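Beneath this line is the structure, given in structure tokens, with notes to follow.
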Amino acid sequence: MFRDALDYACEFTFPVIQFCLTMEGKCSAGAAAFIVINPKGWIITAAHVMKDAVTLATSDRNARIWEAQRAAILANQALSAKERQRQLDALGKHNKKAARRGYSLWYFNNVTLRDVSILEEIDLAVARLDGFQPNWVSRYPSFKRPDDSFRVGASLCKLGYPFAEFVPTYDDASNTFSLNQMEVTFFPIEGMFTRVIEVPPPAPAPPFQLKFVETSSPGLRGQSGGPTFDTNGHIWAVQSQTRHLPLGFSPEIRHNGQTHKEHQFLNVGMGVHAETVLGFLNQLGVRHSVA
């Protein structure tokens, strides 16, 4: 059902890999998704993905400043031992959980993230990849028309990059991260369009409504920022989160000789509605295509 649509969606959906080395030496990496929407390199993703990237970059910069200041104090031969210790104490210790080195790899080489705009209330972000080349994407996406019928029961598909087992390492000498695997495999999951969820607008309210598209299947970790699309490949939503709806019954489970209740939930996907996405793009003056 989604074979042709998936071929189309894979041409404009890409992974973002976020690397982190903490001050205590713990190295990690995770994946999310983003969508390239036009030849100028404008992208959309989930706000929390973009905020994670900004947080990593800020933490990396702060760690470098702290390290440089500490090195300067230690290298200053004019300081007495007492004064050196006083300045080190004044400088303080860096949070051991904070990123010592960290950055986000937006799939393409030699691009820089610019013109970031975040609509936090609905978990949506728009940005531009400076250095992007139009021939890197063969087909750009089309969004479902907001005035077209969003009929409950439509079959939709979500796309992203879950289930990647990254084992990153960091080399201080070359200041680079490396992965045990560089091939990041996409994974689709289908679901039925179930409801539109409206979100109260912030003050001042934007000139468009804030809405989510709900689907009967969850969004998977690594699919945040990826498209939710129909059998034509037209984007209905940008995946944001998974919500857990209580089913109202809790069967008793016996384990290791003890009995406890298991609360039952339905996991549903939530993506930013195409009407909201297009409203935000129009407000920012970003070119896009509507089916």
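The values are calculated or read from the model by the stated rules, or taken from the named source; none is laboratory data. A quick note: this is a predicted structure, and the numbers were derived from the prediction, not measured. Using ideal geometry, Cβ is built from the backbone for each residue, glycine included, and neighbour counts are taken over all protein chains shown.
Some observations on this one:
- Residue in the stretch 23-30 that is in contact with a Cys (Cβ under 9 Å, 6 or more places away or on another chain), among the hydroxyl-bearing types (Ser, Thr, Tyr), closer than 16 Å to GLY222 by Cβ and not in a helix (DSSP H, G or I) present: yes
- No other residue among PHE249, PHE229 is under 30 Å from ARG114 (Cα atoms), of a type in the set (Phe, Trp, Tyr) and out of contact with any Asp or Glu (no Cβ under 9 Å at 6 or more places or on another chain) apart from PHE229.
- Scanning the stretch 64-85 finds no residues that are closer than 28 Å to SER224 by Cβ and surrounded by 14 or more Cβ atoms within 10 Å (Cβ to Cβ).
- Flag if ILE118 is out of contact with any Asp or Glu (no Cβ under 9 Å at 6 or more places or on another chain) and within 30 Å of ALA237 (Cα to Cα): yes
- Selection status of PHE150, of a type outside the set (Lys, Arg), closer than 30 Å to PRO206 by Cα, modelled with pLDDT under 90 and buried (at least 17 other Cβ atoms within 10 Å of the Cβ): yes
- Among residues of the stretch 175-233, those that are farther than 18 Å from TYR161 by Cβ, hydroxyl-bearing (Ser, Thr, Tyr) and not in a strand (DSSP E or B), counted: 2
- Within the stretch 153-169, being within 22 Å of the chain's Cα centre (by Cα) and either in a strand (DSSP E or B) or surrounded by fewer than 15 Cβ atoms within 10 Å (Cβ to Cβ) (or both) holds for LEU156, CYS157, LYS158, LEU159, GLY160, PHE163, GLU165, VAL167, THR169.
- In the stretch 229-272, the residue that is surrounded by the fewest Cβ atoms within 10 Å (Cβ to Cβ) out of those that are among the small types (Gly, Ala, Ser) and in contact with a strand residue (DSSP E or B) (Cβ under 9 Å, 6 or more places away or on another chain) is SER250.
- Filter result for GLN85 (without any contact (Cβ under 8 Å) to a residue 12 or more places away in the chain, part of a loop (DSSP other than H, G, I, E, B), of a type outside the set (A, V, I, L, M, F, W, C) and out of contact with any helix residue (DSSP H, G or I) (no Cβ under 7 Å at 6 or more places or on another chain)): no
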